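Visitor: Could you have a look at this structure, given as structure tokens, before my questions?
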Amino acid sequence: MATDQTSTAAAAATAASDTDPFHVEPPTPWQLMGRRAGAHMGFWIGGTFVLICALVAIFAPVIAPFDPLAQDLTRRLVPPVWDEKGTWTHPFGTDKFGRDYLSRLIHGGQISLGIGFLSALIAAVIGSILGMMGGYFGGRVDAVVMYLVNAKLSLPGLLVSLALVAVFGGSFIVLVLVLAFLFWDNYAVALRSVTMQIRAQDFVAAAEAIGASRRRIILSEILPNLMNQVIVILTLEIALAILIEATLSFLGLGIKPPTPSWGVLVAEGREQMFFNPYLITIPGVTIFLVAIAINMMGDGIRDITAPEGRN
Amino acid sequence: MTHKLISAVAALMVVTAAAPAMAQKSEGTVRTAFSAPMEGLDWYHGPGNERHLTSHALFDTLIVADENTGKFVPLLAKSFKRVDNVTTEFVLQEGVKWHDGEAFDADDVVATIKFLTDPKTRIRFKRFYAWVKSVEKTGSHTVRIVSKRPTASDLATLAFVTWIYPEHAFARLANKKDFQWKPVGTGPYKLAKGNTKVADLVQNTTYRHGGSGKPATNVKRILISAIPDSATQTAQMLTGRLDYIRSSVDHGKSLAANTKFGLTVKQGVSVIYMGIDAKGRSGNKPLTDVRVRRALQMGINRKELVLVTTGDPNFERVPKAMCWDNQAGCGYSAKLPEYDPVAAKKLLAEAGYADGFEVEITAFATSDASRSSAEVIASQWAKIGVKAKIDPRTITSYRKKQRDGKIQVCICPYGGGGFLSDIAGMISFIYAPPKSRDYHGDETLKKMSRATSSIMDPAKRRAAAQKVFDLAQNQGYFMPLAPSPAVLVHDKDLVIKSGGLSTPYGLSVNQLSWKE
């Protein structure tokens with residue numbers, strides 16, 4: 001019966017649009033987002049740069065011209081190609097052990113971007129689950145979630161990560177987990193409040209009324225409406241994670257040499273900064289550009305998916 | 001273009017630096033920086049290379065090695081003679097004053113030796129003095145030191161690492177560590193101001209007893225700042241705020257390209273060596289197999305290490321064993337393995353590690369030679385299938401890791417324990433360590449090492465030491481890798497005496513002077 005009524009209404013609407021010359025079909029949400037994306041320069045610049053960096057990092061073993069660990073002590077501190085003594089064999093020069101700097105930068109990107117992306121993703125999963133649970137269930141569950149968030153917020157993040165890395169070592173996995181621990185609360189706080197607002201919406205009440213399970217409501221009704229917030233926070237946290245990984249490695253607590261990461265390269269380059277400034281400038285500028293690009297991309301996603309709260 | 005810009009900036013910095021540097025020269029002040037934290041100035045409570053310099057400036061020993069001949073000559077002692085195999089008598093100089101004006105006499109020597117041998121005393125290298133049975137005052141300016149048994153390195157110990165402290169100011173201190181910042185010595189410099197950031201040493205104008213072993217110079221004041229960061233030190237040097245710094249080879253060469261600076265490379269007894277956890281304390285099982293240790297040694301191209309630590313692949317003074325040929329007691333016949341990655345891989349396969357294994361190299365974060373050597377070795381070992389990670393540590397953190405039994409492979413610097421012309425420091429430090437630092441666990445080696453120290457005949461001592469060094473080499477416990485010279489960048493008008501004995505720090509205060 002209900003199906004018949006729906007079909008009838010749709011047929012009537014089609015008939016009206018066919019006959020009414022002033023009727024304009026409203027754009028779908030995807031079409032709207034597509035239009036906003038097309039006009040958003042920051043999204044395209046940032047996104048393109050991030051995409052290129054990600055592809056270069058993923059295909060590092062294929063793209064990098066040399067083994068990033070292979071030393072050639074007869075070719076130590078060869079300057080980059082823009083210097084008078086530079087060569088195209090080593091476009092970004094070599095370091096004090098004769099290692100090709102471009103190859104180290106590319107493989108360093110694999111480590112730095114990998115840590116940034118994975119830690120932000122794990123933090124997103126943990127923070128989103130806690131935030132949705134607190135926001136949806138309220139009461140004691142919310143009190144527990146807020147207690148955890150407050151406890152986390154009271155910790156000095158960078159100092160705690162320094163201590164954790166010092167205790168557990170500076171391996172890739174440890175860094176990912178430590179940084180994930182550092183970031184999950186941002187997701188939890190944001191998603192908890194948004195979940196509370198969504199929970200009060202009619203469509204959630206309707207789903208409850210027709211007997212949908214809590215799991216189904218959370219996964220099918222609430223989560224899809226949180227995804228744009230998750231993605232925006234994720235992009236910002238990736239940039240932050242890359243910066244913190246660089247900080248930890250710079251302080252000698254992150255990735256251990258000779259494995260390259262951008263932070264390791266900055267730390268190594270610092271020793272030579274007065275006489276071979278390219279060694280610190282190249283990874284430093286790379287970190288700067290990637291962080292800016294990820295932020296531009298995140299900002300763009302925010303503007304494209306939910307422009308209503310934007311000034 | 002970039003180089004031109006850098007050169008211009010550097011030139012500007014040097015021009016602006018010229019005026020203060022000139023002023024320092026006219027006032028006879030030398031300003032330098034220590035990379036290691038300044039936790040005190042005396043060597044007994046913190047036997048680091050930097051404290052060797054400050055102790056040498058503030059205090060005197062009874063005897064001292066002549067810089068040119070290496071022979072022991074009197075310093076606080078006017079003369080000395082061996083009464084028998086275990087007794088040495090010292091006649092002390094009269095008229096020597098402590099920095100506070102008190103007179104130096106035999107009581108000070110007795111109090112110092114008693115402190116060093118007191119069971120309650122807690123200092124890192126206390127075992128250096130374990131041979132002392134007693135010290136007695138035989139007159140106001142005569143003392144006798146009696147050994148428990150004949151000890152070949154007794155004079156070397158007294159010359160290199162036994163600074164005499166004042167009985168009136170030191171022996172009565174309830175907490176002896178307080179002396180670190182309140183030193184009173186007889187040395188050529190006295191402390192005007194000292195804390196963890198700066199040490200201001202001013203010339204002791206009453207210093208007359210240095211003789212040929214420790215002569216005074218025209219440097220009237222030495223101002224030491226704690227600057228852990230090498231880049232900051234370089235910046236201070238470029239802007240004329242320091243007169244000399246210890247530097248890495250690369251830095252040194254780059255700085256010395258400027259005509260305002262000079263470069264002095266002093267190679268003493270310091271080496272970069274490799275120690276391997278043969279005892280299995282760290283839990284890395286492959287290292288307990290002598291074939292693996294030999295393979296690791298064969299996987300190292302030492303020529304590349306020499307290039308990295310000295311900047312010169314043809315550097316003349318390269319270690320051939322864990323002692324230097326000109327050190328008393330140095331003997332060896334075992335040759336260091338040649339670089340042979342193919343044979344190394346074969347040996348690893350024989351030991352059951354054809355696919356290699358993972359290992360962690362611990363290096364000294366504050367030593368460029370140590371860190372750089374570790375990086376080069378990690379790359380070389382990759383060719384034989386051994387995947388190495390590097391863990392650079394500060395000295396304090398390194399010692400904790402060492403005590404905790406977590407060091408797998410150490411690529412570390414060693415300055416001979418302060419002993420410049422004798423193997424005593426090396427024997428004691430490397431081959432007969434206390435339990436907390438023992439990573440070879442070879443009781444035979446320890447027994448042989450101890451026996452070496454009581455052989456007085458030089459030829460027989462050398463023969464006994466040869467067995468010790470050969471055994472340790474053949475078992476792959478230790479291997480000298482490269483020299484670790486002190487690379488000193490200095491104002492062109494500051495003269496750093498080259499040649500002679502080079503301390504663990506690289507120079508002594510009496511090797512510094514301004515051009516007249």
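The values are calculated or read from the model by the stated rules, or taken from the named source; none is laboratory data. Remember, predicted model here, so these are calculated numbers, not experimental data. Here Cβ is always computed from backbone atoms with ideal geometry, including for glycine, and neighbour counts include all displayed protein chains. What goes into the accessible areas is simple: the full protein's heavy atoms, side chains included, and nothing from ligands, DNA or RNA. Shrake-Rupley method; radii C 1.70, N 1.55, O 1.52, S 1.80 Å.
Visitor: With +1 on each Lys and Arg Cβ and -1 on each Asp and Glu Cβ, how big is the dipole of the stretch B:334-380 about its Cα centre, in debye rounded to the nearest 20?
Guide: 140
Visitor: Take the Cα atoms of chain B, find their three principal axes, and give me the spread along each one in whole Å, biggest first.
Guide: If we take the Cα atoms of chain B, the spans are 70, 68, 39 Å.
Visitor: What is the Cα convex hull volume of the stretch B:154-251 when expressed per residue in Å³?
Guide: Details: hull volume 16.3 nm³, N = 98.
That works out to 166 Å³ per residue.
Visitor: Give me the percent of the accessible area of the stretch B:46-183 that comes from carbon and sulfur atoms, probe 1.4 Å, all protein chains in place. Provide the component values of the computation, followed by the final result.
Guide: On the way: 2710 of 5690 Å².
With neighbouring chains kept in place, the figure for the stretch B:46-183 is 48 percent.
Visitor: On each of the three principal axes of the Cα atoms of the stretch B:300-401, give max minus min coordinate, whole Å, ordered largest first.
Guide: 42, 35, 27
Visitor: Would you mind calculating the gained length between B:K133 and B:K515 on full extension (0.36 nm times residue separation, minus the Cα-Cα distance), in nm to one decimal? Walk me through the numbers before you get to the answer.
Guide: Details: separation 382, 0.36 × 382 = 137.52 nm, distance 4.67 nm.
Full extension from B:K133 to B:K515 adds 132.8 nm.
Visitor: Additional query: Place +1 on the Cβ of every Lys and Arg and -1 on the Cβ of every Asp and Glu in the protein assembly as shown, take the dipole about the Cα centre, and give the residue among B:A199, B:Q236, B:H56 whose Cα lies farthest towards its positive end.
Guide: Looking along the dipole axis, the top candidate is B:H56.
Visitor: Then there is this: Among the trypsin sites (Lys or Arg not before Pro) in the stretch B:95-192, which ones are in a DSSP loop with at most 15 other Cβ atoms within 10 Å of the Cβ? Mind listing them?
Guide: Values: sites: B:K97, B:K114, B:K120, B:R122, B:R124, B:K126, B:R127, B:K133, B:K137, B:R144, B:K148, B:R172, B:K176, B:K177, B:K190; in loops: B:K120, B:R122, B:R124, B:K148, B:R172.
Qualifying residues, ordered by number: B:K120, B:R122, B:R124, B:K148, B:R172.
Visitor: Can you give the log10 of the normalised intensity I(q)/I(0) at q = 0.11, 0.18 Å⁻¹, computed with Debye over equal Cα scatterers of the stretch A:157-311?
Guide: -0.60, -1.06
Visitor: In addition: Write out the trypsin sites (Lys or Arg not before Pro) in the stretch B:334-439 meeting two conditions: DSSP loop, and at most 16 other Cβ atoms within 10 Å of their Cβ. Mind dumping the intermediate values first?
Guide: Values: sites: B:K335, B:K345, B:K346, B:R371, B:K383, B:K387, B:K389, B:R393, B:R399, B:K400, B:K401, B:R403, B:K406, B:K435, B:R437; in loops: B:K335, B:K383, B:K406.
Listed in order of number, the matching sites are B:K335, B:K383, B:K406.
Visitor: Choose one of B:F170, B:Q267, B:I377: the residue whose Cα lies farthest towards the positive end of the charge dipole of chain B (beta-carbon charges +1 Lys, Arg; -1 Asp, Glu; about the Cα centre).
Guide: Of B:F170, B:Q267, B:I377, it is B:I377.
Visitor: If I take R0 = 35 Å and measure r between the Cβ atoms of A:R215 and A:V24 in this structure, what FRET efficiency does the formula 1/(1 + (r/R0)^6) give, to the nearest 0.05? Please list the in-between numbers first.
Guide: Working: r = 40 Å, r/R0 = 1.14.
For R0 = 35 Å, the calculated efficiency reads 0.30.
Visitor: Still on this structure: So what's the back-of-envelope 222 nm ellipticity for chain A, counting only DSSP H runs of four-plus at -39500 (n - 2.57) apiece and dividing by all residues, rounded to 500? Intermediate values should be presented prior to the final figure.
Guide: Details: 12 runs with 216 residues, N = 311.
That calculation yields -23500 deg cm²/dmol at 222 nm.
Visitor: Same structure, new question: Please compare each pair in B:K303/B:K515; B:K389/B:K446; B:K114/B:K214; B:K114/B:K497; B:K193/B:K515 to a cut-off of 28 Å on the Cα-Cα distance and tell me which ones are over it. List each step's numbers first, then the result.
Guide: Values: B:K303/B:K515 37 Å; B:K389/B:K446 30 Å; B:K114/B:K214 25 Å; B:K114/B:K497 35 Å; B:K193/B:K515 26 Å.
Correct reply: B:K303/B:K515; B:K389/B:K446; B:K114/B:K497.
Visitor: Now, a different point. Regarding the protein assembly as shown, what's the average projected area of the Cα-atom convex hull, expressed in nm²? Don't skip to the answer; put the middle values down first.
Guide: Working: hull surface 185.3 nm².
Mean projected area of the Cα convex hull: 46.3 nm².
Visitor: A further question on this structure: Please give me the summed charge of the neighbours of A:T235: other residues whose Cβ is under 15 Å from its Cβ, Lys and Arg +1, Asp and Glu -1.
Guide: -2
Visitor: Which percent of the accessible heavy-atom area of the stretch A:52-186 goes to carbon and sulfur, probe 1.4 angstrom? Intermediate results must be reported in sequence, preceding the final value.
Guide: Numbers: 4710 of 6260 Å².
Ligands and nucleic acids excluded, carbon and sulfur give 75 percent.
Visitor: In addition: What do you get for Rg/Rh over the stretch A:186-247 if you use C-alpha atoms and the Kirkwood form of Rh?
Guide: My calculation puts Rg/Rh at 1.16.
Visitor: Next question. For chains A and B, what's the summed buried accessible area, probe 1.4 Å, to the nearest 100 square angstrom?
Guide: Details: alone 17060 and 21610 Å², together 36310 Å².
Chains A and B together bury roughly 2400 Å² of accessible area.
Visitor: What's the local net charge at B:E316, with K and R +1, D and E -1, over the other residues with C-beta under 15 Å away?
Guide: Details: positive: B:K266, B:R302, B:K303, B:R317, B:K320; negative: B:D312, B:D325.
Computed value for this residue: +3.
Visitor: For the stretch B:46-183, what size does the Cα cloud have along each of its three principal axes, sorted from largest down, in whole Å?
Guide: 38, 32, 32
Visitor: Leaving out ligands and nucleic acids, note down the accessible area per residue over chain B with a 1.4 angstrom probe, in whole Å².
Guide: On the way: 20460 Å² over 516 residues.
Accessible surface, normalised per residue, equals 40 Å².
Visitor: Can you list the residues in the stretch B:235-279 whose accessible area drops by at least 50 Å² when all protein chains are present, compared with the chain alone? Use a 1.4 Å probe, heavy atoms only.
Guide: Residues shielded by partner chains are B:D250, B:H251.
Visitor: Another question about this same structure. Please compute, over every Cα-Cα pair in the stretch B:271-483, the percentage with a separation greater than 21 angstrom. It would help to have the intermediate numbers written out before the result.
Guide: Details: 11522 of 22578 pairs.
Cα-Cα pairs of the stretch B:271-483 separated by over 21 Å account for 51 percent.
Visitor: At a 1.4 Å probe radius, carbon and sulfur cover how many percent of the accessible area of the stretch A:198-256? Could you put the intermediate results ahead of the total?
Guide: Numbers: 1780 of 2980 Å².
Carbon and sulfur: 60 percent of the exposed surface of the stretch A:198-256.
Visitor: Here's a follow-up. Select from A:S193, A:P29, A:L182 the residue farthest towards the positive end of the dipole of chain A; place +1 on Cβ of Lys and Arg, -1 on Cβ of Asp and Glu, and compute about the Cα centre.
Guide: Farthest towards the positive pole: A:L182.
Visitor: Could you give me the percent of Cα pairs per 10 Å distance bin for chain A, shortest bin first, beginning at zero and ending with the bin that holds the maximum distance?
Guide: For chain A, the binned pair fractions read 6, 21, 25, 21, 14, 8, 5, 2, 0 percent.
Visitor: Only bridges with both residues in chain B count here: give the DSSP antiparallel percent, nearest 5. Write down the numbers at each step before the final one.
Guide: Values: 55 of 73 bridges.
Close to 75 percent.
Visitor: Taking 0.36 nm per residue of sequence separation and subtracting the Cα-Cα distance, how much length would be gained by fully extending the chain between B:V83 and B:K335, in nm to one decimal?
Guide: Numbers: separation 252, 0.36 × 252 = 90.72 nm, distance 3.97 nm.
The span from B:V83 to B:K335 would gain 86.7 nm if fully extended.
Visitor: While we're looking at this one, here's another question. What accessible area per residue comes out for chain A, rounded to a whole number of Å², with a 1.4 Å probe? Write down the numbers at each step before the final one.
Guide: Numbers: 15860 Å² over 311 residues.
Dividing the accessible area of chain A by its residue count gives 51 Å².
Visitor: Residues of A:271-278, mean number of Cβ from any other protein chain within 10 Å of their own Cβ, rounded to a whole number? Walk me through the numbers on the way to the answer.
Guide: Numbers: counts 10, 7, 3, 12, 10, 4, 4, 1.
Per residue, the average neighbour count from other chains is 6.
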